[in-house]
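K.L.:
Shown below is the structure under consideration.
The values are calculated or read from the model by the stated rules, or taken from the named source; none is laboratory data. What you see is a predicted model, and the numbers here were worked out from it, not measured in a lab. Heads up, the Cβs are rebuilt from the backbone with ideal geometry, glycines too, and the neighbour counts pull from every protein chain shown. Heavy atoms of the whole protein, side chains included, go into the accessibility calculation; ligands, DNA and RNA do not. Shrake-Rupley method; radii C 1.70, N 1.55, O 1.52, S 1.80 Å.
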Amino acid sequence: NYYAVLMAGGVGSRFWPVSTAQFPKQFHDMLGTGETLIQKTFSRLSQLIPEENILILTNEIYNDIVLQQLPQVKQEQVVLEPAMRNTAPCILYAALKIKKINPDAVMVVAPSDHWIEDEQAFISNLQQAFDYAQNEDVLMTLGIQPTFPNTGYGYIEYGTQDNNIIKKVFHFREKPDYETAKTFLQSGNFLWNAGIFIWSVKSVLHAFEKFQPGMYSLFESGYDEYNTPAEKSFIEENYPRSENISIDYAVMENAENVFVVPAAFDWNDLGTWGSLHDKLDKDANNNTVVNAKLFIENASNNIIRTDANKIVIVDGLNDYIIVDKENILLIYPKEKEQEIKKITEIVTKNS
Ligand code: GDD
Ligand code: MG
């Protein structure tokens, strides 16, 4: 009764201009390994979850890309959203569909765009979480030891005196501001939320009913139609009516039965150019160059990428992101990389 929900409907806008709404980052081979991020995630999860129990939740415009990149997946495993409403509605919808197949199911919800090196350690943490979630009314997440005050993550406060492998969470705080993130880091009893959740279908539905009653009754009203031919028209009509909110704000910040498994694996969410830079090869001055011939002086800590092996000449530049793709050239300071999302929205609206 193990199920997985692979979330693959995000746009990855902080990775613009390589990641775009037409072809987001989860469908790219961002690390140059020969596999796209969603292919890597699928094969990682299938070490514990039967392939036929893995659902891919994505926007309807990505259906063909998913089927092409994951030929082992059947159309009925690809759940199509008619509108982008962030992760809470997508998880609620998937949980109701799974409940109808198997009311005793336990499920993992995973993003499709992360890097995890030690797959064995990941699978054993996942197994620990499944074992616990199977019998308890809990919402579980995997926690990463934080290294800097990243404002793009959720933070998990737990008791350091707690000697259990699985720790009770006191507070879950999504995307704090920089000053708050700094105090979290200093206090030493916070982990980053990896964005990978484990729970029984019963527990997560119970939490939605409690904290998002409107969304719950909207989606639950079509329950009889789920997994039947009538489902499509119900979803087309009702999914866009849902609030646009992530699971972190909608459920995790409110719940009191949250537990965390501190991760025994290295993790990177590949959320920004900087996090990708961390994972790629660098020269002696910490520059990464992808698809470009570089003539470089007095330059350090840059990530530079072109789409056609261009010659790039750089002098006196530090801590920048330079990405050249077709008719777009991005030159942006690394320290402001979280803002690329906003810039992208403005640029795409006006062009
Ligand atoms: N199906 C579907 N539909 N998937 C979506 C949607 C949607 O509308 N929106 C986002 N996703 C997918 C993304 O593709 C990604 O794989 C995952 O859901 C998480 O969304 P992000 O937009 O990347 O979230 P985030 O990075 O800002 O924050 C989350 O992840 C962090 C760790 O990477 C939160 O859970 C944070 O608490 C966490 O620290
Ligand atoms: Mg992310």
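K.L.:
Pairs needed: first member in region 174-196, outside the structural domain of Asn150 (by TED's automatic domain parsing); second member anywhere, crowded, with 22+ Cβ neighbours inside 10 Å; C-beta distance under 7 Å; at least 6 residues apart or different chains.
P.N.:
Listed by first residue and then by second, the contacts come to nothing, as the list is empty.
K.L.:
Please pick out the residue among Gln68, Gln134 that is away from ligand 2 (no atom under 16 Å from the Cβ) and under 27 Å from Lys279 (Cα atoms).
P.N.:
Values: Gln134 fails: under 27 Å from Lys279 (Cα atoms).
Going through Gln68, Gln134 in turn, the sole match is Gln68.
K.L.:
Something else: Does region 265-281 include one or more residues that are part of a loop (DSSP other than H, G, I, E, B), more than 18 Å from the chain's Cα centre (by Cα) and modelled with pLDDT of 95 or more? Walk me through it before giving the result.
P.N.:
Going through region 265-281, the residues part of a loop (DSSP other than H, G, I, E, B) turn out to be 265-266, 269-272, 280-281.
Okay, now just the ones that are also more than 18 Å from the chain's Cα centre (by Cα), so 280-281.
Narrowing the set further to residues that are modelled with pLDDT of 95 or more leaves none.
Among the residues of region 265-281, not one is part of a loop (DSSP other than H, G, I, E, B), more than 18 Å from the chain's Cα centre (by Cα) and modelled with pLDDT of 95 or more, which makes the answer no.
K.L.:
Open to solvent by 70 Å² or more (accessible area, probe 1.4 Å), outside the structural domain of Gly10 (by TED's automatic domain parsing) and assigned to a helix (DSSP H, G or I), is that true of Lys336? So that I can check it myself, show each step before the final result.
P.N.:
Values: open to solvent by 70 Å² or more (accessible area, probe 1.4 Å): yes; outside the structural domain of Gly10 (by TED's automatic domain parsing): yes; assigned to a helix (DSSP H, G or I): yes.
Answer is yes for this residue.
K.L.:
Here are some residues: Leu270, Leu329, Leu280. Which one is buried (at least 19 other Cβ atoms within 10 Å of the Cβ) and not hydroxyl-bearing (Ser, Thr, Tyr)? Walk me through how you get there before you give the answer.
P.N.:
Details: Leu329 fails: buried (at least 19 other Cβ atoms within 10 Å of the Cβ); Leu280 fails: buried (at least 19 other Cβ atoms within 10 Å of the Cβ).
Matching residue, one of Leu270, Leu329, Leu280: Leu270.
K.L.:
Scan region 226-262 residue by residue and report those that are open to solvent by 10 Å² or more (accessible area, probe 1.4 Å), within 30 Å of Gln145 (Cβ to Cβ) and more than 16 Å from ligand 2 (Cβ to nearest atom).
P.N.:
Correct list: Glu253, Asn254, Ala255, Glu256, Asn257, Phe259, Pro262.
K.L.:
Would you tally the residues in region 25-83 being small (Gly, Ala, Ser) and not in a loop (DSSP other than H, G, I, E, B)? Before the answer, list the steps.
P.N.:
Taking region 25-83 first, the residues small (Gly, Ala, Ser) are 32, 34, 43, 46, 83.
Now drop any that are not not in a loop (DSSP other than H, G, I, E, B), which leaves 43.
Summing the residues that are small (Gly, Ala, Ser) and not in a loop (DSSP other than H, G, I, E, B) in region 25-83 gives 1.
K.L.:
Whether any residue in region 167-186 is under 14 Å from Leu96 (Cβ atoms), surrounded by 13 or more Cβ atoms within 10 Å (Cβ to Cβ) and within 14 Å of ligand 1 (Cβ to nearest atom) is what I want to check. Step through it out loud before you land on a result.
P.N.:
Our first condition is that a residue be under 14 Å from Leu96 (Cβ atoms); within region 167-186, this holds for none.
No, that holds for no residue.
K.L.:
State the number of residues belonging to region 80-92 that are open to solvent by 10 Å² or more (accessible area, probe 1.4 Å) and out of contact with any Pro (no Cβ under 9 Å at 6 or more places or on another chain).
P.N.:
Looking only at that region, the number is 3.
K.L.:
In the set Gln77, Gln72, which member is touching a helix residue (DSSP H, G or I) at 6+ places or on another chain (Cβ under 8 Å) and open to solvent by 50 Å² or more (accessible area, probe 1.4 Å)?
P.N.:
Details: Gln77 fails: open to solvent by 50 Å² or more (accessible area, probe 1.4 Å).
From the options Gln77, Gln72, the qualifying one is Gln72.
K.L.:
Given the condition modelled with pLDDT of 95 or more, away from ligand 2 (no atom under 16 Å from the Cβ) and farther than 20 Å from Ala133 by Cβ, answer yes or no: does some residue in region 96-109 qualify? Step through it out loud before you land on a result.
P.N.:
Of the residues in region 96-109, the ones modelled with pLDDT of 95 or more are 96-109.
Subsequent filtering for residues that are away from ligand 2 (no atom under 16 Å from the Cβ) retains 96-108.
Going one step further and asking which of them are farther than 20 Å from Ala133 by Cβ, we end up with none.
The answer is no, given that none of the residues of region 96-109 is modelled with pLDDT of 95 or more, away from ligand 2 (no atom under 16 Å from the Cβ) and farther than 20 Å from Ala133 by Cβ.
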